[in-house]
Amino acid sequence: MASKGWQHPYVNIFKHVRVEDWKRSAKEGEVSTCTDKRLKCSVFRIRGPVPANSFIMIPKNINQSLGLTGRFFYLLFRPTPGKYFVVHLDVSAEEGQVVRISFSNMFKEFKSTATWLQFPFLCGAAKDSVYESTAKSARHGLVGPAPTSVRWTCLTLDLQYTLSVYLNGCYSQLKSIKLCANMAVKNMFTSNLLLDPGLSFSEAKLMGLVSSEGTGPVPRDMSFPVPKGGSWHDLYDHIRFPSGGTKLPFDSIQKDPPRPEASCVSDQRRPIREEPCFVSLSKPVQDRVSLIQQITAPKSVRLNSPPRCIYHHSNKAQTAQVREESQLQSGTQESIKSLRAHPLFSTLSSLEAAPDPILRLNRITRLGGATTLQALWSKSGDEVVYPCHAIIVSMKISSNQQRFFIGHTDKGNINPRPAERTSLQEDSGKIQGPESQEAILRTYVYVLPHTWPCLPEHEGPVSLVSVSSDSLQVLAATSTGNLGFLDVSSRGYNTLMRSHTDTVLGFSVDGIRRHLTSASSDGTVRIWNMDSLHQLYDFASEDSPCSVAFHPSEQVFSCGFNSGIVRVFDISAAKLLAEHKQHRGEVVGLAFSPDGEFMYSADSQGSLALYNATEEDLNVIRVVCNVVARGTEHAPDALAVSSDSCCLAFIGPSEYIVTIADSRSLDELLHVDVSILDVQSPRLDSALRVCFSPASTEHLLVATSSNKILWVSTKTGRLLREVSKVHKHQCSSLAVSEDSRFLLTAGHNAVKVWDYNMQLHINSQMFIGHSQPIRQVGFTPDQLGVVSVGDAIFLWDFLALPVDSLTDSRSPLVIRHTPAPKSAQPHTEVNGVRLSNGMPRRTAPLPSSPPPRLDISTLDQVDQEVLGSLSICDDPPTVPPASVADPSSDPRPPSSFLRVTELTHTSPLNSSLTEAVELKGKKPVRPDCYRHFIPRFKTSTLDQAAVAPQAGEEGIKLKAVIGYNGNGRSNMVWSPDRGLFAYSCGCVVVVEYLHTGSQRHLQCHSEEISCLAVTHDAQTVASAAGGSNASRSLICIWDVQNGTCRSTISYHRGAVQSLAFSRDDRFFLSVGDFSEPEVALWSSKTFQLLSSVSVSGPLHDAAFSPSAAGQLACVGRQGAFFCLIHTQGSDVDLKVQRVKAPSEVGEVELTALCYHTDSFLFTATNRGHVCVWDVNTQRCFMTWEADEGEIGVLLCRGNHLLTGSNTRWLRLWEVEAVRGVKPQEKVCSGEDSGTSVVLEQEIMLDGTTVSAAFDTSMDMGIVGTTAGTLWYINWSDCSSIRLVSGHKTQVNDVVFSSDERHFATCSEDGSVRVWSAPSNELVVQFQVLNQACGCVCWSPSSSTESACVAGGYSDGTLRIFRLSSSEMEMKLHPHQVAVTAIQYSADGHVILSAGKNGLVAVSSPMNGATIRIIRDHKGAPITTIQCVNEQCKNLKLEGKEMWLAASADRRVSVWAADWLNDKCDLLDWLTFPAPAYIGDDSPPPSLAAFCPADPGLLVYTGYGVEKELSFYSLAKKQIIKTIALPDWATCLSLSCHSQLIAVGSKGRVVKLIKSSSGRFQDFLQHSDSLQTCRFSPSGKLLFTVAYNEILLWEVQDL
């Protein structure tokens, strides 16, 4: 095989290695052969739940090589529908380096190292399928598992191109191939020819294509069969990488957009590209070839000619440089590559749903360590370089910003030396240089004492001196860990860093002041600023400190010592508050309760102490001996306190026992023996660490000696789940994030971040950097950072955005009343609740405890007894009479006026402050299942002073609601026979007429609607929403015909979980949520309460029997509840029997139910089971596993059952066989019973199923998902259509196009959506992963062909999308921080954008260049940018347009510009005074806008002395009028029609104001604070947005 000629024209790889013999190839797992119906030939099928466990590998021996030199690699395969697959190609470069190229639909984003490229594979879908429509709206293929309609694919990879562009390597040969499950494979081949699989030999001959020109058809034995008269592209997919289309991203492998067939091969005759000299990319995940090509030449990029430039990524941990190609030297490429070796991240594992990497090293505080102490200056003199154990650190002396050089695997003897090159070069962590510098140092040190009049006095012996190259700066290090430099010119000494000189044993964080305290073996305790790691204080003692803990709210910390003494220090007063000597051994654990009431300490001799932390001297309350495991192995965090401050956990009295005790008395509540949890293990397991989950106090995590982490129930002690092989060595520390999404562990010298729920294919990411065992790790309270200590203090940036724990389904807030500590400072007093880290969080007041009701205790499945009944005749509960709010009854007039003041200047007035209200009560923990409704957490409350206008007098009328609330549960109803279709969005019920698209809006709620129900005659709809300000929930009964509210019910204290009408519409049922699980039965005629029953656990779903009168059922955590209604005269009793879930399905919660007939009931579980019950005997007689996740929706029609789950699968089952099953004593599966249910059809939707409604035959229906989409499903032809689409996350901006034919929205999920008007249908969606889009604007052009939408993103980029082509036109990167405002100039020649740092960039939309940067607002985020077409001559400046920018510091700048002549002059600068803001949240935004009728008049509102609108005249240079406001404005828009102003507030009110008179009206249709309002260009329409609720109003007048 010395000659390569045998490989021409192609190599059949399966034939080359004789794959069927398995001698030169290997197979593992489920690999089989079968005949494919489409290809009519034998193919290999690779299947398995874990892709890495089932594969075909060629060659068999990893030490051998295929030696295939063909430039193009062809793979003929079909991904398995609904599954993931992975392909690995090992290729050799001419330099000898082996690079792995991997692609998979499992990968979320492109990743790169020096030896590994990972590309996401985006599966295509069949024509006209739901997946194709989803892909079109997202502008790319389907992310994630392959769709059901995925086709056979010919994949063509240009290996030469891939190595050249991404790694600057020269391709040599293909070494090996590994095909991993799940896929079917026909064959693979390599060739130097770029072949077209859709081209037949006859077509190629007619076109004159020959192989000598480098192209042609695919060989016959490699081709896919095409029926006579058929089209290849109609049956199969061809995917090329790089893509033939220049608009597609270069960081994923996906199908090209459709193009004329004539061009399919026309571009294949291009000459072979010459290899560039320098192409090297650092951090290609964010700054890769697509970025460079789109910025430099968006319309003429050629794949064969990548631009020649070097691009360095910049962040806190790495310094970036952008250099011209002529400046690059011979060693530059190695220098750039070494930046990737940041302490880092093991690419063998990654969290799927999080950034990769999820941690980024920010700062290290330690000088030298165990290595030789050396330090030197950079050539430029602006950086110093020194070792920290195995890491080389480069620190800028101006900012203390650090860079890290990784390459050494041990601390060893690292000796950095000055480099000979002109700039600092990073080369494997070593820096070489001339010897002459040492002579200069010796000479300078000798001369200095004789010439310098005063030398700085150091805290310890000077161990190092280094002089900069210009001899103007002298670097000095001391044996006490200090590093600083002497500035010769200014004769000043600057301390760069202080650090511990020995192992750091433990730490604690003050979340309020962002302080960090650490204890070290060097005998000191130090306090650091967390943002800069500058040392603030240090405490020295002859006794050795070993553990520390901060008080959750006060500037107080405690420290435990080796002698057993516990000392408490007041930082602000720098004094010792208390000293306790009750311990006899080393203090191994120290902790405060999150509420600040108690402190705990434990020592190595087994004693445990409880202190009163509300007293200044922290008196000892109780000391218990021999309860904690002896020894120091569990230090420094041997104690764990639950987030509700109720429980204390520790290991003891032996290492095999974990004890949970009452935190207020130390009384033991529970013992968990971890040694018996694994009966299979040959040795006893012992506990090492314990940790509570902050969001769920029922979870205690235990790290064990067998390298496991156990999740243990704090109530029962039962094992909930476990994870094995956590680290290579034993786990030394663990912590859970505040929102319980992530778990942090440390083992030896590695840190791992885990998915807390362990539900991903790859659940962890590993990070290295420490060279000694890590003693402790933890999240910072804001969850934006991670701290790890051992050989040094490492501060990491945590790159996963925190989710508020109150909104996460797995993170309930545990509420506890907290009295303010006596010694608390004013700024630390908290009225409210605290999370486990001590940070205050505000919540709404909770109601008092509900009156006692009938409680249902556990019953055995065999011995079931009637629990009892509750009749309203004995003791009827107090229920407010049904009523409908009458606006006319309010004494205030419907039309009001705001105070308007005509003036020449303003006079400041004192602002009033509102006192906080203490919260009381304890909130129950919500169940861990998605089926249970939890309202989205809101900090806003409805403005009770607002009054809606009377009917017929409204200045604006609600025209349309855009979107569907995917956070609701069963909040969509459809009656196909009656034509009724209704759903909820926010607090509005939308009744939509599908044939016309028009809407009717039912408005009575003020909170988020949780669920809906409809009577069987479709004449009445019921809706439920939680109450505001801790009031009871409100249930509204609507008359569908006239849209009026017939009656209201206010009964349940929490949210309403479910509503249902009986089959005869005689009864109405409501079910309370987990905070008050109660079933209430009402009369559907009068809506008076008939009976109610309370249960002991949460209920998830309820339903009436479709045929048997008086029968209903509920399901929840405690099992199934069979209910029977007994009526005797006017008395109604509700009798209930509870039955546990069958033991065959394990510990589950029943989440959904539906009746099959009057004798069968289907229930679903949170683990994917479906259980079939006999209603008469109340026994479960059959189960089967219908899904891999939680089933939240069940629906039965005839013999068909529908299941919807959180795996996004919607499945249709044929269950006729259930009728033939005889209920047995023993529960059986479908197979065991001799019959089986049949899965007829399935479809994957865009989110978790939350609601469903189908016709009686189950042929067609409507399904709602958490993605905010309502789908029309037709099972007969397997079709699906989006009926309603909305944003799932917060909408940040909405804006009309100039012709008002379209409008655009953008949101936190990174999507920009364009909608058509007036149909309000989604036209196209532009999606950017892992970024938030904060603002959006339209180009001024009114032509549809030239219309563009520009969006500003959180990574500092701007993206321009063209509407006509539905493609991204250009990507710009003018900012290094998030973009907060964006606007085209009035003439469209430039784009003005502003960042969070206050910089305004002027960019060209033609070539992407940044024309100028305006720094006047630097330091304060820009909130508003507006441009108007206005001549500036009357203002004595030249310019064809004006524009303004408003910033958060209450400053507004006004500019005159002529962009064609490159003129932009400051016209005016306004500063609005304000007192200091003392609110708990951020101050109101600064908002400004030009008056449409008179651009010389500017309107401003923001935080200030008064709540008001200020009208500023640019000509008079003064405020000429003000309009008082009752609340601070959160958004503002001015209409060019009728002098109207729209103002939104945090009180959920849209206020429409007449600027001339001050007349106003309030509109209360939103359920959260307003964040955006925007008039259309004509002023006839108005958009208002609150979170993801988009309302469109028709403007009348005031």
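The values are calculated or read from the model by the stated rules, or taken from the named source; none is laboratory data. Quick caveat: nothing in here was measured; it's all calculated off a predicted structure. Using ideal geometry, Cβ is built from the backbone for each residue, glycine included, and neighbour counts are taken over all protein chains shown. The accessibility values were calculated without ligands, DNA or RNA, using every heavy atom of the protein model including side chains. Shrake-Rupley method; radii C 1.70, N 1.55, O 1.52, S 1.80 Å.
Spacing of the modelled spin labels on ARG664 and LEU472, each 7 Å from Cα toward Cβ, amounts to 6.6 nm. Counting alpha carbon pairs within less than 8 Å and at least 6 residues apart, what relative contact order, in whole percent, applies to region 1006-1163? Dividing the mean separation by the residue count of region 1006-1163 yields 13 percent. At full extension, ASP531 and VAL1428 could sit 318.8 nm farther apart than now, given 0.36 nm per residue minus the alpha carbon distance. Here region 1494-1535 and region 950-1004 have alpha carbon centers that stand 35 Å from each other. With 31 Å as the limit, write out which pairs from LYS1085/LYS1135; LYS957/LYS1418; LYS1418/LYS1517 have Cα-Cα distances beyond it, or answer none. Beyond 31 Å between Cα atoms: LYS957/LYS1418.
How much FRET efficiency would the formula 1/(1 + (r/R0)^6) give for ILE62 and ARG721, where r is the Cβ-Cβ distance and R0 is 35 Å, rounded to 0.05?
Efficiency at R0 = 35 Å is approximately 0.50.
Relative to one another, the C-alpha centroids of region 138-204 and region 1353-1431 are positioned 38 Å apart. A simple spin-label model places the labels of HIS729 and ASN1042 7.9 nm from each other, with each point 7 Å out along Cα-to-Cβ.
Within the accessible area of region 1-117, the carbon and sulfur atoms contribute 50%, probe 1.4 Å, all protein chains present.
Remark: region 1476-1530 carries 38 Å² of accessible area per residue (probe radius 1.4 Å; ligands, DNA and RNA excluded).
Tell me the relative contact order for region 722-775 as a rounded percent, counting alpha carbon contacts under 8 Å between residues six or more apart.
Value for region 722-775: 29 percent.
In this structure, the amide hydrogen of ALA750, modeled 1.01 Å from its nitrogen in the peptide plane, lies closer than 5 angstrom to those of ILE774, counting only residues at least 5 positions away or on a different chain. Note on region 703-775 and region 73-126: Cα centroid distance 29 Å, given to the nearest whole angstrom.
Which residue, chosen from ILE101, CYS41, PHE72, occupies the Cα position most advanced towards the positive end of the dipole of region 6-102, where the dipole is computed from +1 (Lys, Arg) and -1 (Asp, Glu) charges on Cβ about the Cα centre? With unit charges placed on the Cβ atoms, the residue in question is CYS41. In this view, the solvent-accessible surface of TYR756, computed with a 1.4 Å probe and all protein chains in place, comes to about 10 Å². As a calculated quantity, the FRET efficiency between ASN757 and LEU576 at R0 = 51 Å, using C-beta atoms, amounts to about 0.70.
Normalised per residue, the accessible area of region 507-553 is 31 Å², obtained with a 1.4 Å probe and no contribution from ligands, DNA or RNA. Counted residue by residue at 0.36 nm each, then reduced by the alpha carbon distance between them, the extension gain from ASP1494 to SER489 reaches 356.1 nm. What region 1-98 shows is 54 Å² of accessible area per residue, with the surface traced by a 1.4 Å probe over protein heavy atoms. In a simple Cβ point-charge model (Lys, Arg +1; Asp, Glu -1; nothing else charged), region 1458-1598 has a dipole of about 360 debye relative to its Cα centre. Spin-label model, LEU1239 to VAL623: label points 7 Å out along the Cα-to-beta-carbon direction sit 6.4 nm apart. When the listed pairs LYS37/LYS205; LYS708/LYS752; LYS83/LYS725 are checked against a 18 Å cut-off, the alpha-carbon distance exceeds it for LYS37/LYS205; LYS83/LYS725. The stretch between TRP22 and ILE768 holds 264.6 nm of extra length on full extension. This uses 0.36 nm per residue minus the Cα-Cα distance. Counting heavy atoms of the protein chains alone, HIS551 has an accessible area of about 10 Å² for a 1.4 Å probe.
Counting only Cβ charges, +1 for Lys and Arg and -1 for Asp and Glu, the dipole size of region 1261-1412 around its Cα centre is about 300 debye.
Working note: Cα gyration tensor of region 473-584, eigenvalues times five, square-rooted, sorted largest first, giving semi-axes of 29, 16, 11 Å.
Its relative contact order, with pairs defined as Cα atoms under 8 Å and 6+ residues apart, puts region 664-791 at 15 percent. Between CYS34 and ASP1299, the C-beta separation translates, for a Förster distance of 51 Å, into a calculated FRET efficiency of about 0.35. Shape class for region 1348-1504, computed from the alpha carbon gyration tensor (a ≥ b ≥ c): oblate, with a/c not under 1.5 and a/b at or below b/c.
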